[in-house]
Amino acid sequence: MATVQLSEAEKVYVLHGIRDDLRVDGRSCEDYRHMEIETDVVSNTDGSAKVTLGHTAVLVGIKVEMGKPRPAQPAEGYMEFFVDCSANATPEFEGRGGEELGMELTNTLYRVFNNKRSVDLASLCISPGEHCWLLYVDVLLLQCDGNLYDGISIAIKAALFNTKIPKVLISEGEDGGTEIELSDDPYDCVRLSVDNVPCIVTLCKVGPRHVVDATLQEKACSVASLIMAVTPAGTCTCMRKVGGGSLDPESIFEMTEAGKRVGRALHGPLTALLRQEEALGPTRQKVGFLG
């Protein structure tokens, strides 16, 4: 994980500000930084999105391929995740410096998204036990300034909203088997429902209080963090604690309630923004991930 070194005086300044609900950049404890979202930014994918959260930038691309269902879930498709920590994001990721963080992020994404409570995996099934859709989700960290989990989850939800899956016509072949025919029309496609797709909310314990969307400076003052996956209804589907410090039961309860509240408030504007951008159609001006 990218880190910064702070002097004791700087830490005291950050801690006193958070104690008074006034962070260094002027936000309150439960405010996100300025966020920019753009979908359909990578042409050779079936769905893509770029999210900029402060100075943290994440690019997500989704490729859809046909495959065979897993034996344990013969009537469901599934998702595969890969996180690439670019050396451009921070010098600490040079060489193999980002491998451990990439694996940690990947494992968390599997727990959050690759289950039927988050994504309608049954809609990815073409013929039970024989064919299904596989979603390959590639995440690239372009810039790193804290709060990677939240930025990545928002980018994944936006990319899933943008993903187009070709329509499939299933017929019986001459030999009694199943024949699958894909539509040639690129506009003849189906969309995934993202109604229950959660977003991750990370709460960092800094002094006696907790903050949302912590910067690297605030992360350096934090003893522990709570990572929560929250649905639009405010339900927590996944939770884990990270960091070397401990959290008392009262803090965990307060952070859990705050995470549900913040997550529920995040989904509404996010969904409205994605639908507004889609309504612009080909007339909208694209910035791209190099902009």
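The values are calculated or read from the model by the stated rules, or taken from the named source; none is laboratory data. Here the structure is a predicted model, which means the values were calculated and not measured. Methodologically, a virtual Cβ is constructed for each residue, glycine included, from the backbone with ideal geometry; neighbour enumeration extends over all protein chains shown. Ligands, DNA and RNA are excluded from the accessible area calculation, which covers all protein heavy atoms including side chains. Shrake-Rupley method; radii C 1.70, N 1.55, O 1.52, S 1.80 Å.
So the values come out like this:
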| quantity | calculated |
| --- | --- |
| Two-decimal log10 I(q)/I(0) for the stretch 39-117, as the Debye equation yields it once each C-alpha is a single scatterer, q = 0.22, 0.25 Å⁻¹ | -1.21, -1.30 |
| 222 nm mean residue ellipticity, helices alone, for the chain (DSSP H n ≥ 4; -39,500 (n - 2.57); rounded to 500) | -9000 deg cm²/dmol |
| Listed pairs LYS63/LYS167; LYS116/LYS219; LYS11/LYS260; LYS11/LYS157 exceeding 25 Å between Cα atoms | LYS116/LYS219; LYS11/LYS260; LYS11/LYS157 |
| Near-label residues of the stretch 227-248 by backbone N, under 16 Å of a point 7 Å along Cα→Cβ of THR256 | 227-231, 234-242, 247-248 |
| Difference of contour (0.36 nm per residue) and Cα-Cα distance, ASP184 to ASP31 | 50.5 nm |
| Among 162-169, 200-207, the order from most to least packed when residues are scored by Cβ within 10 Å on average | 200-207, 162-169 |
| Within the accessible area of the stretch 167-244 (1.4 Å probe), percent carbon and sulfur | 48 |
| Alpha-carbon spread of the stretch 62-216, three principal axes, descending order, Å | 69, 35, 32 |
| Where the Cα pairs of the chain fall when distances are cut into 5 Å bins, in % | 1, 5, 11, 15, 17, 16, 12, 9, 6, 3, 2, 1, 1, 0, 0, 0 |
| Distant alpha-carbon pairs in the stretch 132-223 (separation over 23 angstrom), percent | 51 |
| Most positive-pole-ward Cα, VAL137, GLY268, VAL83, against dipole of the chain from beta carbon charges | GLY268 |
| Residue with peak Gaussian network fluctuation, the chain [Cα springs, cutoff 10 Å], from ASN196, ASN44, ASN147 | ASN44 |
